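Please read the structure below before turning to the comments.
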Amino acid sequence: MKAALITFPGSNRERDMRMALTKVNNGKPPVDVWHGDSGLPEGIDLIVLPGGFSYGDYLRCGAMAAHSPIMREVKKRAEAGVRVLAVCNGFQIACEAGLLPGVLISNAGLKFICKDVNLRVETTASAFTKKYRKGQTIRVPVAHHDGNYTADADTVKRLEDNDQIAFRYADPLGTVSPETNLNGSVGNIAGIYNAKKTVLGLMPHPEDATDPVCGGLDGMGLFESIAESLS
Amino acid sequence: MKARVHVSLKNGVLDPQGKAIGQALHSLGFSDVAEVRQGKLIELELSGALAKKPKAEIEAAVKDMAQKLLANTVIENYSVELVG
Amino acid sequence: MKARVHVSLKNGVLDPQGKAIGQALHSLGFSDVAEVRQGKLIELELSGALAKKPKAEIEAAVKDMAQKLLANTVIENYSVELVG
Amino acid sequence: MSDVKKAVQYPADLMGLTRDEYDLVLQIMGREPNQVELGIFSVMWSEHCSYKSSKKWLKTLPTKAPWVIQGPGENAGVIDIGDGLAAIFKMESHNHPSFIEPYQGAATGVGGILRDVFTMGARPVANLNALRFGAPDHPKTRHLVSGVVHGIGGYGNCVGVPTVGGEVNFHPSYNGNILVNAMTVGLAKTDKIFYSAAAGLGNPVVYVGSKTGRDGIHGASMASAEFTDDSEEKRPTVQVGDPFTEKLLIEACLELMDTDTIVAIQDMGAAGLTSSSFEMASKGGMGIEIDLDKVPARETGMTPYEFMLSESQERMLIILKPGSEPQAEAIFRKWELDFAVIGHLTDTGRMVLRFNGEQVGDLPIDPLAQASPEYDRPWVKTPPQKPLGRVNHPLPFVEALGKLVGSPDMASRRWIWEQYDYLVRGDTAQVPGGDAAVVRVEDHPKKALAMSVDCTPRYCFADPVEGGKQAVAETWRNITAVGARPLAITDNMNFGNPERPEIMGQFVGAVDGIREACLALDYPVVSGNVSLYNETNGKGILPTPAIGGVGVLDDVARMATLAFKLPGEAILLVGQTNGHLGQSVYLRDICGQEAGPPPPVDLKVERTNGDAVRLLITEGMVSAAHDCADGGLAVALAEMAMASGIGAAVTLPAGDAFEIGFGEDQARYLVTCPAARAEAVIAALEAAGAPVQKLGLTGGDALTFAGLGAISVQALRSAHEGWLPRYMAGEL
Ligand SMILES: Nc1ncnc2c1ncn2[C@@H]1O[C@H](COP(=O)(O)OP(=O)(O)O)[C@@H](O)[C@H]1O
Ligand SMILES: [Mg+2]
């Protein structure tokens, strides 16, 4: 696996992501790429947009970062089929850049939420989740203020019909209900794919659940899936 | 009856959002943008007894809302406009 | 030359902020507020060559800024107004 | 002097200086100061910058230990944590601004303390906060809680530093003066620590960060006519924080620190450019010349006075090695920050200010800095409290417990800390809700930092000396309870008006107690902050010397947590229980009395018991550990049960159940271990000289006190978790 990790001004979970990627890649860290760069190294097979507060989350989360010079190249590579993992602020950037449909608005409770949540794995037919079981619940943390996934009814239907929903907020037994809706997201959606399932965007932080001492290991499945798919 | 409350930062108060938007516009090639300030525009749909009152009274009520909740008068100004 | 860009949520898009403001106004006793929507008002101070162009061209440039950055047209509308 | 005095025409506005202080200004200057110069004296000699009321007493605090690299006097304290690594930390108050504008006040408080820490070369790795609000039913309290918590989260979350711990109290004495104390802990290499003493004749003085605006200038009365055309609009003294710029500033400064270009560096905190430039020059015995036109300005038409006194946020001052300007500038440009060479160092020992080609100020540095007033304010010793008389117990034991865990001061703070990103950077090993926060030392295979902030103001009010001791001891105990070695503290002394002898007496007493505890526990003070005049209409706050402790856990895999781990384990109580009800939360919240002396702190016993518990944790002998603090033994048991969902059946030690269950005797811990190992653990504790008794066993879904009744863990949890969210929702 040859991963590129993009840093925007205000990214702050690139370190967590680097640790997780390094762990599943035989100790080999991802290539760090600065938002102002206009190119990506050759042979990259995974692009990661990490969490944080790019441009302070000012105006709209992810809006300014979506126009960074590097994003043109990211879109080009994504079209060519290179995998993109977009987490939290990365997910917001991916939506603003049009890599994924919909948009993330303020949590329904208008508060930042940092806590462990249960996610139901909606599909394992992807390079990102094949090591999980379909319907399995995993426990990983969230840390966001604007994770309320919003899209029009047609878009949501398309996502559902095409098996593009990656994760939903659930209870520990995998039941998805209004009570387990963390932030007001339509259909409890926590993460989605693009149509080809080469781009995954999600609000929770699997990278913060890859260590037995800090956060547990439930996020490992995602990184192991990626590593296996790309090796 | 609708009321619009425009809330803006007082002069001289740092506007980090505006500053960042300005920089982003520059890097998109809009170099002739000198300064950007971001404010809020809150639109209230009024109903019931209030909506039927004379304009001056409605305006007073909306100003009261702005003063008490919509604006943070330590750092923000507000203005009220009635529409329709 | 100043331009104002008003960015508001499209009809039918949920506005958690507006909803919370509405609830807070009710609990302050302002019961005749039916609906609240919160939008942004971005004020741009224009300078240089752009500021000297004909109004129509300035307006087009500001619309371009709104389209590219200031609004997310998936959920937001915008309108542009030139002042002074 | 008296001749001078007679001839003096005092300006109408002394900008907060007394007439005596103004006389001293005249003596130092040898002439009348101009407006800029007077402004500089005024801020440099303000209580905030000069510590004039507190200096005399702060000097008595112990500040040395073999592991202390830098004690008080720099931007933050530095301790050696082994393996070539240092922990750098400090706590600071932002009380007054937070009362006026809770969001921005708290946010900029976090921003300020972060800069104090990264200016020394540390990567900030943890934030904590100590908050005090007025009575829950005071009309302002809810709004202040909401704003302060949002502000702390808004800033800390954005800059990407985890907020991992804190404490919150409610008390009517804070109705008009809330306390917002923020602490930052950072990590650095011991050979890469940066100081603020300027050096090198001719070296460039560089300004970086955000532009300067007219934020927070306090001379409003004198110069406000010039501040704005719009005289209607009074310029706010509140500063707005820009955490995004701070994040860029952290990264840019740390990047610059990796090069070999910095001579000295200092953040611009209170009194902005004035205090930063003065302090740097004064510490290095240098002079400094500044061209104020070169200072990046956010607004047009700013005056020298405004440039010197502005408290705009997110700015730093750096002395560079000559010739390294281009390299440094490239780094700050990359991070889209301002960079400007605004002056150079001289050997005149004077600060010379120029503006538009004219000299607008010329002051001697050392006399100004060193002659800053020091007061020996009159003080009276706080009289001892009358012994506590007979106490009536209005509620049955378990009912009282249920009520206590859901009372404002004891209820869970989850509603607060879930709004803080306590995980970012991926090293948080113990999240909020435990005794101390634990954050792994990055890239180290085993080591972690343990941190806790504590103070029990009601004890400090009743007896400042015991209260001061207790605050220090409680951080030490909390750090010990996770298995770490406590190493040093930072203090944040929040008091009322020092010109009142009884308030000054509280201060003197608290310092005394802190000193004793630091000495007895080998736990020096390495940094701190004083906030006085927390007073409205002659009513001061409870004396609140908040203490932030830092310790090291040598092997994070051996960290202890407070949750019961399994049913059927033995529960042991370490330490002597006398049933001291004076000043307890039980007495206040259940019996409606704030009375009696606070529990005495025996520092020798503290050390014996703590060292014994830590050893057991380190050896893997115990499965859970928790200190007994507010609420006493019964509440501590309830907290262990609630954290795990496992109940327990216990028999309280002999004596009056209420006194034994809710008394707040110090130096106590609860530990659990597999039942079969209980005898060995007891033997080990006894051998170490720590009293111990077995209380019972974990298990079931209720907490049962033999002969007193039972309460389900579920009921405890709903009371404990319910109060704050319901209060904030306006339901209470
Ligand atoms: N303002 C706050 N921010 C973050 N965490 C907090 C805050 N207040 C309390 N906490 C956390 O809640 C827990 C309980 O706090 P406290 O009752 O003060 O603990 P203790 O009695 O052990 O000192 C601790 O883990 C503490 O860090
Ligand atoms: Mg504790």
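Points worth noting:
- Amide H within-cut-off set for D:ALA624, under 5 Å, with H built and near neighbours excluded: D:THR672
- Charged neighbours of A:GLY109, selected by a Cβ distance under 13 Å, balance to +1 (K, R count +1; D, E count -1).
- Distances, shortest first, from the label point of C:GLY84 to those at the same position in the other copies read 3.0 nm; the point lies 7 Å along Cα to C-beta.
- Whole-Hz ³J(HN,Hα) from phi, Karplus 6.51 cos²θ - 1.76 cosθ + 1.60, for the stretch A:73-78, glycine and proline x: 5, 4, 4, 4, 5, 4
- Space enclosed by the convex hull of the alpha-carbon atoms of the stretch A:21-70, per residue, Å³: 88
- Dimensionless Rg over Rh [chain D; C-alpha; Kirkwood]: 0.99
- Cα-based radius of gyration for chain C, normalised by 2.2 N^0.38 Å, reads 1.38.
- Ranked for footprinting exposure by Cβ neighbours inside 10 Å, fewest first, D:CYS628, A:CYS88 give D:CYS628, A:CYS88.
- Theoretical ellipticity at 222 nm over chain A - DSSP helices of four or more residues, -39500 (n - 2.57) apiece, nearest 500: -6000 deg cm²/dmol
- Once the chain from D:ASP83 to D:LYS604 is taken as fully extended at 0.36 nm per residue, the excess over their C-alpha distance is 184.5 nm.
- Cα gyration tensor category, rounded, prolate or oblate, for the protein assembly as shown with a/c compared to 1.5: rounded
- The loop-placed GluC sites (Glu not before Pro) in the stretch D:621-721, going by DSSP, include none that has at most 10 neighbouring Cβ atoms within 10 Å of its Cβ.
- Most positive-pole-ward Cα, D:THR536, D:ILE571, D:TYR523, against dipole of the stretch D:520-574 from beta carbon charges: D:THR536
- For the stretch D:592-681, convex hull volume per residue from C-alpha positions, Å³: 127
- Under the shape rule built on the C-alpha gyration tensor, where the axes satisfy a ≥ b ≥ c, the stretch A:91-140 is oblate, since a/c reaches at least 1.5 while a/b does not exceed b/c.
- Residue pairs, from the table D:LYS321/D:LYS446; D:LYS55/D:LYS140; B:LYS10/B:LYS53; A:LYS115/D:LYS694; A:LYS197/B:LYS19; D:LYS56/D:LYS90, whose Cα atoms sit over 27 Å apart: D:LYS321/D:LYS446; D:LYS55/D:LYS140; B:LYS10/B:LYS53; A:LYS115/D:LYS694; A:LYS197/B:LYS19
- Across the identical copies, the 7 Å label point of B:LEU69, projected outward along Cα→Cβ, sits 3.4 nm from its counterparts, in ascending order.
- Each residue of the stretch D:125-132 is assigned a 3J(HN,Hα), and the resulting list reads 10, 7, 10, 9, 8, 10, 10, 10 Hz, derived from the Karplus form 6.51 cos²θ - 1.76 cosθ + 1.60 (θ = phi - 60°), x at Gly and Pro.
- Net charge dipole, the protein assembly as shown: roughly 1640 debye, given to the nearest 20, about the Cα centre with Cβ charges of +1 for Lys and Arg and -1 for Asp and Glu.
- Amide H contacts under 5 Å for D:THR346, placed H, 5+ residues apart: D:GLY202, D:GLY287, D:ILE288, D:GLU289
- Local electrostatic count at D:LYS446 - Lys and Arg +1, Asp and Glu -1, tallied over other residues with Cβ under 15 Å: -3
- Cα-based shape type of the stretch D:508-591, given that a ≥ b ≥ c are square roots of the gyration tensor eigenvalues and the cut on a/c is 1.5: oblate
- Annotation note: trypsin sites (Lys or Arg not before Pro) in the stretch A:51-160 located in DSSP loop regions with a Cβ neighbour count of at most 15 within 10 Å are A:ARG133, A:LYS134.
- Distance from the stretch D:75-90 to the stretch D:366-439 (C-alpha centre basis), Å: 25
- Euclidean distance between Cα centres, the stretch C:23-42 to the stretch D:490-512, Å: 46
- Top positive-direction residue, dipole computed over the protein assembly as shown with Cβ charges, set D:GLN359, D:PRO486, C:ASN77: C:ASN77
- Each label was represented as a point 7 Å from its Cα along the Cα-to-Cβ direction; for D:ASN392 and D:ASP366 these points are 6.9 nm apart.
- Rel. contact order, % - alpha carbon contacts under 8 angstrom, at least six apart, the stretch B:2-83: 50
- Value of [θ]222 nm, deg cm²/dmol, for chain C, DSSP H segments ≥ 4, -39500 (n - 2.57) each, nearest 500: -9000 deg cm²/dmol
- The stretch D:578-732: relative contact order in percent, alpha carbon pairs under 8 Å with at least 6 residues between: 30
- Converting phi to 3J(HN,Hα) with the Karplus coefficients 6.51, -1.76 and 1.60 and the offset θ = phi - 60°, the stretch D:684-690 yields 5, 5, 5, 4, 7, x, 9 Hz in sequence order, with x at every glycine or proline.
- Each copy carries a label point for B:LYS52 at 7 Å from Cα toward Cβ; from one copy, the others' points are 5.9 nm away, ordered from shortest.
- Fewest-first ranking of D:GLU399, D:GLU37, using other Cβ atoms within 10 Å as the exposure measure: D:GLU399, D:GLU37
- 14 Å Cα-Cα reach of B:LYS52 towards aspartates and glutamates, excluding residues that sit fewer than 8 places from it in its own chain: C:ASP32
- For D:ALA126, the residues whose amide H sits under 5 Å from its own are D:VAL185, ignoring neighbours fewer than 5 places away on the same chain, with H placed 1.01 Å from N.
- Where only DSSP H runs of four or more residues are counted, chain D gives -10500 deg cm²/dmol as its mean residue ellipticity at 222 nm, each run worth -39500 (n - 2.57).
- Of the trypsin sites (Lys or Arg not before Pro) in the stretch D:21-68, those whose Cβ has at most 14 other Cβ within 10 Å and which sit in DSSP loop: D:ARG31, D:LYS59, D:LYS64
- Here the relative contact order of the stretch D:1-150, from alpha carbon pairs under 8 Å that lie six or more residues apart, stands at 13 percent.
We did not get these values from a lab; they are worked out from the coordinates using the rules stated. Note that the structure is a prediction, hence the values are computed from the model and not measured. Cβ coordinates were reconstructed from backbone atoms using ideal geometry, including for glycine residues, and neighbour counts include every protein chain displayed.
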